[in-house]
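Below you will find the structure I want to go over with you.
The values are calculated or read from the model by the stated rules, or taken from the named source; none is laboratory data. Note that the coordinates shown come from a computational prediction; the quantities given were computed from them, not determined experimentally. FYI the Cβ positions are ideal-geometry reconstructions off the backbone, even for glycines, and counts take in every protein chain you see.
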Amino acid sequence: MARDHLLVIDQGTTSTRVILYDTKLQAVGQAQVEVLPTYPRSGWVEHDPEALIASVGSQVTTALLNARVRAEQIAAIGITNQRETTIVWDRETGRAIAPALVWQDRRTADACNRLRDKKEWISKATGLVIDPYFSATKIAWLLDNVPGARRRAEAGELAAGTVDTLVIRHLTSGEHLTDSTNASRTLLMDLATDEWSEELCNVFGVPIGLLAEIRPSTGDFGATRGLDYLPDGIPIRGVAGDQQASLVGQGCLHDGQAKCTYGTGAFLLAHTGGRIVRSQRGLITTRAASVGEEPPQYALEGSVFIAGAAVQWFRDGLKAIGSAAEIGDLALRGDPDCEVVFVPALTGLGAPHWEPSARGTIFGLTRATSMADIAHAVLEGVAFQIGDLITAIEDDLGDSLKRLRVDGGMSRSDPFLQFQADVLGQPIDRSPQVESTALGAALLAGVGIGLWPDREAAVALLQSGGRTFEPARGYEWRARALERWRRAVETTMGHYRKERR
C-alpha cells in the first residue's frame, strides 16, 4: 500500500485538530475537538495535560475515518502546537506533576520583574523579552510550587517541555525531543547556536537536564510506538510552533514576507531570512522553520495575547451572541461614527507594549452605546493591535511591508478584515486555506520524509488565490482613529502601572 498521505496534529489553545493531506498538499479529511483551558485565578490559565493527549488519539482516529485513509498510507506525521505552554512530567511514566501553564498565564509576572536588571543580556542571547509569556519562569514556578518537584528534577526524575515535546513523547513512547522554533520560545535557548544555554538555565533556575534535545524542524523526531490507534513505525518528520508553521503554510519563506494569524491571540511574523534582526521596538526575534537543508532562518514577531479570545469573551462572558461568527454582522449594525474603544488586554498587553499588569478596558461609553457598538469596538481593538505591530516591524526593518497575508479563525470575517485593511492602509491577502498552520506542518513533514524532489517543488503546491481586501478609508480617518486608540492604550497602561505601585 502506497504511503501517500501526511497526518498533521495541530494542538492549539482551545482545540486539537488532525488533518490528512495528500501529496499535493490538499486536505482530504479532518477532525477537531475543543480542549479548553481553565482559569483558576485571575491571571492564571491552565490546561489538563491528560486531556490534551487524549484528544490526539480520538481525533487521529476520527480524521482517518473521515478521510477514508488507512493508517498504513501515512508517509509521515507533522506536529504543530500552541507555543510556550509548559508541562513538567515524570520521566518514567509520562504523567504530568501539575496542570500545564498556558502561554497566556501571568502568575510569574513578579519573577520576571525581579530579573529586569538582566533584560539586555537575556534579550541579546534569546531574542526575547523577559515576560511570563515564555516558558522559563513557568518551569521554575512548577518546580518551586509542586511539593518535591525541584528535588526530583535535580535527581533526573522529571522532564519538561512545550506541547510538541509532550505529544512526541506520547507518540513515540518516550522520546524527549523538541524543534528549534519551539525551543526558541523558552528564554533558555541561545538564538545564535540553537542550543540550550547553561547560563540562562542557571539564571531562571531550570536544571538543564530537564530539557529536550533540539532538532531542526524537518529533522527526525522518532516514530510511532505503542499506540492503540496507529501502527508502530510511522516517522515524525515535521515539527514547528504554530506561528512558524503558519509562516511556512502562507508561503512566507523569504526575507521581507509577512503574515498574521488570528487565533486565540494574533501573531504577526516578518521573515528576515538568515539575518538575526534585533528589535528596538519591543518585538521578538525568533527562529523561523528551516525547510530542508537550508541554514537557520529567523523572523521578527509581534504577539497579541487576545484576538479570537476577545470574540470568545464577547460570546461567553457577555453572552451577547450565540456563536463567534455572529459578531461581524452585529458590528455592522453599530454606529460607524461611534468612538467606543476597547483595549483587549484581558491577560495583559503583549508586543510592542509588554505590560502584563494591564487589563481589558472600554472607553467612550454613553447612554446611546449599543451592544452593536461594543461588538464593533471589540473587532477594532484586535485590528488596532496589529496596526501597532506593523508600525514596530517597519521601524525595525527600516522598510515598509507592502502586503500582509492573513489566516486563522477571525480571517473568515469580511467586516473584520476590511477594518484591518483600513487601519493599516495596506492591502490584505486572505489565504485560500484560512488554517495555514497545519498546512505548514504538512509541508515540513513532506520535505522531511522526501516526498518531493526539493523544497521548491513543495512550495509550488501551496494554493494561490483567496481574497484581497483593499483599504476603503483615507489617511485622515486613519490618523484620527489611531490617535484615539493610542490615547486609550496609554491611559490603560498608566492606570494599571499606578495600581501596581
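Residue under question is ARG315, and the condition is that it be touching a residue at least 12 places away in the same chain (Cβ under 8 Å), in contact with a strand residue (DSSP E or B) (Cβ under 9 Å, 6 or more places away or on another chain) and among the basic types (Lys, Arg); does it hold?
no
Quick check on ALA442: is it modelled with pLDDT of 90 or more, farther than 22 Å from THR468 by Cα and aliphatic (A, V, I, L, M)?
yes
Give me the pairs, please: first residue somewhere in the range 452-480 and more than 30 Å from PRO336 (Cβ to Cβ) and of a type outside the set (Lys, Arg), second residue anywhere and at pLDDT 85 or above and in a loop (DSSP other than H, G, I, E, B), beta-carbon distance under 7 Å, and either six or more positions apart or on two chains.
Close Cβ pairs (under 7 Å, with a partner that is at pLDDT 85 or above and in a loop (DSSP other than H, G, I, E, B)) amount to ALA458/TRP452; VAL459/GLY251; VAL459/LEU253; LEU461/LYS24; LEU461/LEU25; LEU462/LEU25; LEU462/GLY251.
Within 26 Å of the chain's Cα centre (by Cα), of a type in the set (A, V, I, L, M) and at pLDDT 90 or above: which single residue out of ALA375, ALA351, ALA325 fits that description?
Answer to the selection: ALA375.
So, THR23, is that one within 18 Å of the chain's Cα centre (by Cα), under 30 Å from SER173 (Cβ atoms) and surrounded by 15 or more Cβ atoms within 10 Å (Cβ to Cβ) or not?
Considered against the rule, which asks whether it is within 18 Å of the chain's Cα centre (by Cα), under 30 Å from SER173 (Cβ atoms) and surrounded by 15 or more Cβ atoms within 10 Å (Cβ to Cβ), THR23 comes out as no.
Do we have any residue at all in the range 235-248 that's at pLDDT 95 or above and either surrounded by fewer than 21 Cβ atoms within 10 Å (Cβ to Cβ) or on the phi > 0 side of the Ramachandran plot (or both)?
yes
Is it the case that some residue within the range 266-287 is aromatic (Phe, Trp, Tyr) and at pLDDT below 90?
Yes: the range 266-287 contains one or more residues that are aromatic (Phe, Trp, Tyr) and at pLDDT below 90.
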